[in-house]
Amino acid sequence: MMKFFYPLGEWRRRNSVEHSSRWVGEHVGYDNTPLPRVTWKGFWMGILVSMGGFVFGFDTGQISGFLGMVDFLRRFGMRHEDGTYYFSNVRSGLIVALLSIGTLFGALIAAPIADWVGRKKSIIGWCGIFSVGIIVQISATDKWYQIMMGRFVAGLGVGALSLLVPMYQAETAPRHIRGALISTYQLMITFGIFLSAVFNYAAERHQSGKAASWQITLGLSFVPAVILAVGILAFSETPRYDLRHGKVDRATKTMVTVYGVPENNYSIQLELAEMRAKLSTEENIGTPIQEWIGMWRAPKMAYRLAIGMGLQMFQQLTGANYFFYYGTVIFSGTGIKNSFVTQMILNGINFGVTFYGLYIVEHYGRRKSLIAGSTWMFICFLVFASVGHFSLDRENPENTESAATAMIVFACFFIFGFATTWGPMIWTICGELYPSRYRAKAMALSTASNWLWNFLLAFFTPFITGAIDFRYGYVFAGTNVLGGLIVYFFVIEGQGRTLEEIDTMYLLGVKPWESSKWVVPSLEEMSGKMRERLEAGNPELAVKKEVEAGGTPLNGEGVGGVRAAEHEDPRDGSREVLREKKEVEV
């Protein structure tokens, strides 16, 4: 019988499992099933847990439209002598930016709470805090500072969730889809921003001049918070948190569920062994203050903290929120008749192209994608600023319709570059950057950096654009170049590696531009000093001096034959370290 080649079926077969050479192969005494590319549990974790991103995006996107609504302006704005209403730069800046101040404090406060009660319970509690902030805003009648303080309280919840959601996903996701899974947080941010623009447009069109024009959109903010708080109940605590608190069986069960393989699968047991060994160096935990101080003094931690805070700063300095916060106002200045529609289109593009970002983060890696994104966004802002300043008639934009069109087009090009690279991938890198002991506190600092710069840009943008108009874009063009250089010289590629491996690479001082091809050398190949550093910070790589006959299994349960990997291909440097890992007493 003639057989027909089915290319789609072959592609599905090849891509349904994870093929990283270090983790596959025949290992006697273990289940050797390759990890599925993604399980249903992992898929729903990416959707439901990432609703924390939707909470952020929906709250961020709605305020841009509120500032242009008739009823919102009349209730909370100021009045000219001729009777027209307006927002001063200070008032609009405070209304927009107080959310960011709240998020900054929320991220810092959430870190110790998450280490105390766990990631899962923390997420539920902060959803409640966010809902309180929405209630404060929606009950406002004519006091602008009530809106401002309501946004501050809501910001506490948004900031905490911006720390907890990427951390939860980083500590739970399988290594081969970790980048894509964390990036779904940014995807949901863009979805929230897009839907807020849609609801703003619909409400203003059908309820113009009424309180419902802004209260409907604001009231819908409860929906994602409730979905997240209820949805997280279907998931377990993160395996790394459980392991740190002595709940090894529950950590293993969580990994089995999310990874989609049996408990004795070689990949799960090897990763658990690494996690236990890392934990063995973290047993002497002091008071919270001692831990904060110790974090800065720990090997390579100050360096990594600077990288994390710097990357989050430059994510804001890409200029994306210049469009998202003030897009309605910006494009009304280009002569667009219905700037609500333009904002809706931009946000739709932002959401749609982020799906491509989930692909490239694992296909091309973090470093290449971020550097390419920086270059792309630099070009877009260069054109946007030049056309806006030199070609657009800012007094009567209708006279220069082609210039206004060009600005809209390059704004769309910019959003494509941001949404596929710097938008999702910075959250991924910050989730991978730190060791388990300090992850919550370190991610809190990096997230706080994001919100600090978010506040500064949101508050000062009206003043800056009033002084230098669209030349503000040149500032963002320059910061995009700097951001790309920081990625090239300081960020290590984490594609396909476990969190423990990435930690090892930073401790060893691996050159970032060589990190994508780096493999762990055998300890015999290292100098004495480097070997001491590696063994001190990574006991899972320490070679047992006197190996028992037959070796010690990874899971410590007496399964024989664990030295099978010694017969594998010696050309792969990762095989050598795999053999050494198996000779460890965990």
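Derivation of every value follows stated rules applied to the coordinates shown; laboratory data play no part. Worth saying up front: this structure is predicted, and the values here are computed from it rather than measured. Because the Cβ atoms are built from the backbone with ideal geometry, glycine has one as well, and the counts that use them run over all protein chains shown.
Miscellaneous remarks
- Protection proxy ranking, peptides 186-196, 290-300, average beta carbon neighbours within 10 Å, highest first: 186-196, 290-300
- Alpha-carbon gyration tensor eigenvalues x 5, square-rooted, for region 209-266, Å: 41, 12, 7
- Taking packing as the residue-averaged number of other Cβ atoms within 10 angstrom, the listed peptides 241-248, 84-91 run from highest to lowest as 241-248, 84-91.
- With 10 Å bins beginning at zero, the pair-distance distribution over Cα atoms of region 378-435 amounts to 22, 35, 21, 13, 7, 1 %.
- Förster radius 41 Å - calculated FRET efficiency between A234 and V90 (Cβ-Cβ, nearest 0.05): 0.35
- Normalised radius of gyration (Cα atoms, divided by 2.2 N^0.38 Å) for region 182-304: 1.64.
- Amide H partners (placed H, <5 Å) of T238, local residues excluded: R119, K120
- Using only Cα coordinates, the Kirkwood hydrodynamic radius of region 358-505 works out to 17.2 Å.
- Sequence ranges 377-383, 153-159, ranked by mean other-Cβ count within 10 angstrom, highest first: 153-159, 377-383
- Separation of the alpha carbons by more than 20 angstrom is noted, of K121/K441; K368/K441; K41/K517, for K368/K441; K41/K517.
- Chain lengthening between F43 and R250 when straightened (0.36 nm per residue, less Cα-Cα): 72.5 nm
- Proximal lysine pairs, region 193-317, alpha carbons under 30 Å, eight or more residues apart or interchain: 4
- Convex hull volume of the C-alpha atoms in region 97-150, normalised per residue: 59 Å³.
- All distinct Cα pairs of region 40-157 go into the 1/r average, and the inverse of that average, the Kirkwood radius, is 15.7 Å.
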